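A quick write-up on the structure given underneath.
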Amino acid sequence: MNSSAAAAGADRADGADDAHVKAGARSDVPVYKLIVATSIGNALEWYDLIVYGYFAVTISKLFFPAHDETVSLLMALGTFALSYLARPLGAFVLGAYADRRGRRASLMLSIAMMTVGTGIIAFMPTYAVIGVWAPIGIFLSRLMQGFSAGGEFGSSTAFLVEHVPNRPGFMSSWQFASQGASTLLASAFGAVLTGALTQPQLESWGWRIPFLFGMLVGPIGLHIRKYVDETPAFANDAARKKAASAEGGDAGKSPVWEVLSTQKSRLLVSIGALILTTTANYMILYMPTYATKQLGLPPAQGFIATLVTGFVIMTLTPFVGHWSDKVGRIRIMLVAGVLFLCTVYPAFAFMNAHASLATMMVVMLWVGTLKAVYFAPIPALMSSLFPTRTRATGMAVGYNLGTTIFGGFTPLAVAWLIAATGNKLAPALYLMVGAVISLTTLLIARTRMGAR
């Protein structure tokens, strides 16, 4: 049997396991409680990232001073990007912890670490006060946030899907709807603070307010997660492992070893399908900086434009997730991906030719709509690729490798491309490359793995 046939056989075998999970008992926990308990951690993770990206110009001045403003900004964005190197490590450690000890245990640990990392940034003295320890402190806090975020997506998505297995698209789509809410909230902070405060006030204390807010959200999420039950699918799987161990049998391989040794094809599909949406995510995060540096718009207008994107993602994503349960994930994603590929360059060209708040809002509305349609089915698609015993690990590793390689470095890569080439449309070209890779991956997943 060749390697492709072997991979297909493994996919069918694990698909049977997944079917068994879907046939299992449904949780009695109210749906709204499950959604709030899981989404609040994902929202906090994304909120922290957006706030850092939105205030990158201010942070670069306070923590990464340099004679050239572009160099200073690249250093701040470089720290943002390098912190993503901790995400795959967090995915391996916290994902395996979720598959061994439970989804709930991993979710409790990840949100606690996120809160601490956000608090460090909120209270960190600037370079003018403590010198080189300031950028080091920012970098270490971002590493902690990256590590904790590494396990959040896999554990929380598995938690939602396994509690309500007959509606995986709808339930898991709330993961990304919460990111829209985070974009909305962070953009509101950015618009209000940059519009109401003077530049000295913003640099003195105003930029810390969003981080202080994020730090206060963490304990609320920790409290909510403390009072939700473990998923029935994981409990059943853990019981089987315990019984096998008591009888002297194999209690199960390491989830990390199993994913890397026997589920590589599914891991690659997870990463490839994610590329378009993660590059779009971090492009949106970069847009307030793009608005001021490239379009010459006031800072507040860049934040107002991204408010539109956050609102669209927050409201549209659950509906698309529900729709994907009826018509299939890949069909919806292919249409959105093709539209993205064909329209993103003309949209950026239009925005640059007619730079204004109105045109930027129109472009961000379109980008947000396409992103929500492509975005919503991904968690359910990824969860269907892995069986219960490795689901949290597989999703965490796939999501965070894709996010680290193609997402976290997006603001830095785009800023460098614009500086190196002088082409203000570089962001559109970057997104088009991501769209081609993701569309190719989806076609492979549908034809060779039977994904739908």
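The values are calculated or read from the model by the stated rules, or taken from the named source; none is laboratory data. Bear in mind that the values here come from a model prediction, so they are computed numbers and not experimental data. As a convention, Cβ positions derive from the backbone with ideal geometry for all residues, glycine included, and neighbour counts pool all protein chains shown. The accessibility values were calculated without ligands, DNA or RNA, using every heavy atom of the protein model including side chains. Shrake-Rupley method; radii C 1.70, N 1.55, O 1.52, S 1.80 Å.
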Of the listed residues (417, 439), the one being more than 28 Å from residue 159 (Cβ to Cβ), touching a Leu at 6+ places or on another chain (Cβ under 9 Å) and modelled with pLDDT under 90 is 417
Working carefully through the options 334, 370, 268, 316, find the one that is under 15 Å from residue 184 (Cα atoms) and assigned to a helix (DSSP H, G or I).
316
In the stretch 34-68, how many are open to solvent by 20 Å² or more (accessible area, probe 1.4 Å), at pLDDT 75 or above and not aliphatic (A, V, I, L, M)?
2
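Let's see how each residue does on (1) buried (at least 23 other Cβ atoms within 10 Å of the Cβ); (2) modelled with pLDDT under 90; (3) hydroxyl-bearing (Ser, Thr, Tyr); (4) touching a helix residue (DSSP H, G or I) at 6+ places or on another chain (Cβ under 7 Å):
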residue	(1), (2), (3), (4)
313	yes, yes, no, yes
318	no, no, no, yes
322	no, no, no, yes
331	no, no, no, no
347	no, no, no, yes
372	yes, no, no, yes
380	yes, no, no, yes
391	yes, no, no, yes
Which condition from (1) within 16 Å of residue 32 (Cα to Cα); (2) surrounded by 21 or more Cβ atoms within 10 Å (Cβ to Cβ) is the one that residue 226 breaks?
(2)
Any chance you could count how many residues in the stretch 122-139 are under 21 Å from residue 216 (Cβ atoms) and buried (at least 17 other Cβ atoms within 10 Å of the Cβ)?
4
Given the criterion open to solvent by 40 Å² or more (accessible area, probe 1.4 Å), touching a residue at least 60 places away in the same chain (Cβ under 8 Å) and within 24 Å of residue 215 (Cα to Cα), identify the matching residue among 77, 89, 94.
89
Against the conditions (1) surrounded by 23 or more Cβ atoms within 10 Å (Cβ to Cβ); (2) over 18 Å from residue 310 (Cβ atoms); (3) not small (Gly, Ala, Ser), where does residue 364 fall short? Just the number, please.
(2)
Filter the stretch 403-425 down to the residues that are among the small types (Gly, Ala, Ser) and buried (at least 21 other Cβ atoms within 10 Å of the Cβ), then identify the one that is nearest to residue 80 (Cα to Cα).
408
